[in-house]
1. In segment 44-59, how many residues are under 15 Å from Ala72 (Cα atoms) and surrounded by 13 or more Cβ atoms within 10 Å (Cβ to Cβ)?
2. Which of (1) among the aliphatic types (A, V, I, L, M); (2) modelled with pLDDT under 85; (3) surrounded by 11 or more Cβ atoms within 10 Å (Cβ to Cβ) is the odd one out, the single condition Met36 does not satisfy?
3. Quick one: how many residues across segment 19-33 are at pLDDT below 80 and surrounded by 12 or more Cβ atoms within 10 Å (Cβ to Cβ)?
4. Just give me the residues in segment 60-76 being surrounded by 16 or more Cβ atoms within 10 Å (Cβ to Cβ) and β-branched (Val, Ile, Thr), in sequence order.
5. Just to be sure, is Ala14 assigned to a helix (DSSP H, G or I), small (Gly, Ala, Ser) and either surrounded by 14 or more Cβ atoms within 10 Å (Cβ to Cβ) or modelled with pLDDT of 85 or more (or both)?
6. Taking only segment 31-43 into account, find how many residues are part of a strand (DSSP E or B), more than 16 Å from Arg76 (Cα to Cα) and hydrophobic (A, V, I, L, M, F, W, C).
7. Would segment 77-90 turn up any residue that is of a type in the set (Phe, Trp, Tyr), assigned to a loop (DSSP other than H, G, I, E, B), surrounded by 11 or more Cβ atoms within 10 Å (Cβ to Cβ) and at pLDDT below 80?
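The values are calculated or read from the model by the stated rules, or taken from the named source; none is laboratory data. Treat the numbers as computed from the prediction; the structure is a model and nothing was measured. All Cβ positions, glycine included, derive from the backbone under ideal geometry; neighbour counts span all protein chains shown.
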Amino acid sequence: MLKLVRVKQQNAAALDTASDFSCLLTCSRFEQAKAMGALRKLDTLRLDVTWAGGREMYSWPDQTAFDDASAADIVRSGLIGDGQFAGFVRNLFLRR
């Protein structure tokens, strides 16, 4: 148990000092018509995601600036979520 505490502390320190960063997110979305039916690909989303100022921001790859809106506001249709880029890791190690 002591090792886990040490790992969380080390990762928390690293995340607190990490500078802002960004990446390109590619996500394929599928639907399943019946309970056991085959999956059918609907589309593939490509979004730029950045962690800056303590939050995630999104934009389409061809835009020059990030938007304050959520991923769902930018995509506007279909199932999409946000907070998975850096939020998951930060919650795992920084949540007290």
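1. Going through segment 44-59 one residue at a time, the tally reaches 8.
2. (3)
3. Number satisfying all stated conditions: 1.
4. Ile74, Val75
5. No: the conditions fail for Ala14.
6. 1
7. Looking through segment 77-90, at least one residue is of a type in the set (Phe, Trp, Tyr), assigned to a loop (DSSP other than H, G, I, E, B), surrounded by 11 or more Cβ atoms within 10 Å (Cβ to Cβ) and at pLDDT below 80.
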